[in-house]
Amino acid sequence: MENSVKSRDWKQVLGQAIEAVNLGRQVLLNYFGNLEHVEEKFQAGLVSEADKESERVIAEHLRKNFPEIEFLGEETFAASHGTGTKVAWSKAGANGRWILDPLDGTTNYVHRFPIFCISLGLEIDGQIQLAVIDVPMLNETYTAIRGQGAFVNGKPLRVSKNTELKKGLLATGFVSEHEHVISEQLRIFDDMVRKCRGVRRPGAAAYDLAQVARGVFDGYWERNIQPWDAAAGILLVEEAGGVVQTYRGEAYTPYKNSIVAGNADMVTEIQKVLVPRLSEGTD
């Protein structure tokens, strides 16, 4: 293998990424229903031994095969920076950065609700170039390489063609650690649920974005998610023909503070509801 990831065969890189994620999948399946240690993270929900072990085996595989690529994982970041700390953008090294959530949907997982996933994205030059989202209990693996489309178990994905909010099935999530944030979110939800066909809250941002890419959800919005929650999902949506922006219409990166995803028209319709409800300072 070449030293620079940019010169590698992208399908080969994707194959190694899937192998790494499969190691994490096995960890999650082994621990499911058998947890012994669950902790409350400050302003960041729950963490279990499954989160930590999944990240360990995935990171180990990636570092072995791609020692030159930086690594940003939820649990290792929390261990060094403290839980609840928002990740600030910093330029990755020349060979890029893996961004991993080893268990997105930990609360679901702890309560044995089967919607949880592993999310892995590869960021190079400020863009996500490769993505894997694995949903163990559904046996679904979502993949994308920039410029080569998005897939689930090898089948192509396309975002919904629906452009009417009143016919839309949307998804969102809630962050309840700060009163002003949850108040804003509830105002938006109250407005949105009256204007669309329905709103779902599966409890895992990566899964929500995968379902937008698949055309199941017509749109998705959320605030205060971390880079590992959305890194892979961004590319899936874009490669499935969709758009990912902030609440106020800026191009979204994993380090932004708000996210809206769907086809271009649906994103605009969602933003029309969001913007009048936003608190000052929300992006």
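The values are calculated or read from the model by the stated rules, or taken from the named source; none is laboratory data. From a predicted model like this one, the values you see are computed outputs, not experimental measurements. Reconstructed Cβ throughout: ideal geometry from the backbone, glycine too, with neighbour counts over all protein chains shown. The accessibility values were calculated without ligands, DNA or RNA, using every heavy atom of the protein model including side chains. Shrake-Rupley method; radii C 1.70, N 1.55, O 1.52, S 1.80 Å.
Details
- Test: residue in region 82-96 that is surrounded by 14 or more Cβ atoms within 10 Å (Cβ to Cβ), at pLDDT 90 or above and part of a strand (DSSP E or B): no
- Residue match in region 175-197 (condition: assigned to a loop (DSSP other than H, G, I, E, B), under 19 Å from the mean Cα position of the chain (by Cα) and on the phi < 0 side of the Ramachandran plot): yes
- Here the strands (runs of 3 or more DSSP E) wholly within region 1-80 that include at least 2 residues being at pLDDT 90 or above, of a type outside the set (D, E, K, R) and not assigned by the TED database to the domain that holds Val175 are 70-73.
- Taken together, the residues in region 221-246 that are over 19 Å from Val132 (Cβ atoms) and among the aromatic types (Phe, Trp, Tyr) amount to 1.
- Flag for Arg158 being assigned to a loop (DSSP other than H, G, I, E, B) and open to solvent by 30 Å² or more (accessible area, probe 1.4 Å): yes
- Cβ-Cβ under 7 Å pairs, at least 6 apart or on other chains, region 172-200 side without any contact (Cβ under 8 Å) to a residue 12 or more places away in the chain and over 16 Å from Gln271 (Cβ atoms), far side among the β-branched types (Val, Ile, Thr) and outside any loop (DSSP other than H, G, I, E, B): Ser176/Ile182; Val193/Val199
- Answer residue from region 259-281, given it is hydrophobic (A, V, I, L, M, F, W, C) and without any contact (Cβ under 8 Å) to a residue 60 or more places away in the chain and is surrounded by the most Cβ atoms within 10 Å (Cβ to Cβ) among those: Ala261
- Selection status of Asp283, under 22 Å from Lys161 (Cβ atoms) and either in a loop (DSSP other than H, G, I, E, B) or not hydrophobic (A, V, I, L, M, F, W, C) (or both): no
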